[in-house]
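Right, one structure below, let's go through it.
Readers should treat all values here as calculations from the given coordinates under stated rules, not as data from a laboratory. Because the structure is a prediction, the values reported are computed rather than measured. Heads up, the Cβs are rebuilt from the backbone with ideal geometry, glycines too, and the neighbour counts pull from every protein chain shown.
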Amino acid sequence: HKPRGSWLVELGAGGVGEVEWLPLPVPRELTTVRATLEELLTDERFAEHEDRWVRAEYTDPLPQRDPMRRLLARFPHCAEVRHVPVAVRGDEARTY
């Protein structure tokens, strides 16, 4: 929700001439969605995010096969996929 754009700075022989802010239109919002991969692919609560830039965090216990390809079928503007398991097993008695 920050303004996006660039500064146009004109330089001349005497140094800085004119400075102008050029706003950059943002065609879609960026949204982070988090759930199991199956929920991200099928649950209607994520339907409103289908036309946005999406960062998907799937919470399955194990990494899933080809999650980006699968998510792109529902979220064509998916920019990032992360595996973020909900629970990490803590076997303190085991060692490498």
Here the FRET efficiency for L24 versus E44, based on Cβ atoms and R0 = 30 Å and rounded to 0.05, is 0.40
Within the chain, excluding any trypsin sites (Lys or Arg not before Pro) found in a DSSP loop (not H, G, I, E or B) and having at most 11 other Cβ atoms within 10 Å, the longest uninterrupted segment runs 29-64
The relative contact order of the chain, taking Cα pairs under 8 Å that sit 6 or more residues apart, comes to a percentage of 22
The chain: longest segment with zero exposed GluC sites (Glu not before Pro), where exposed means DSSP loop plus at most 14 other C-beta atoms within 10 Å, is residues 51-91
DSSP beta bridges in the chain: the antiparallel percent, rounded to 5, is 40
Under the 7 Å Cα-to-Cβ spin-label approximation, V86 and R74 lie apart by a distance in nanometres of 1.6
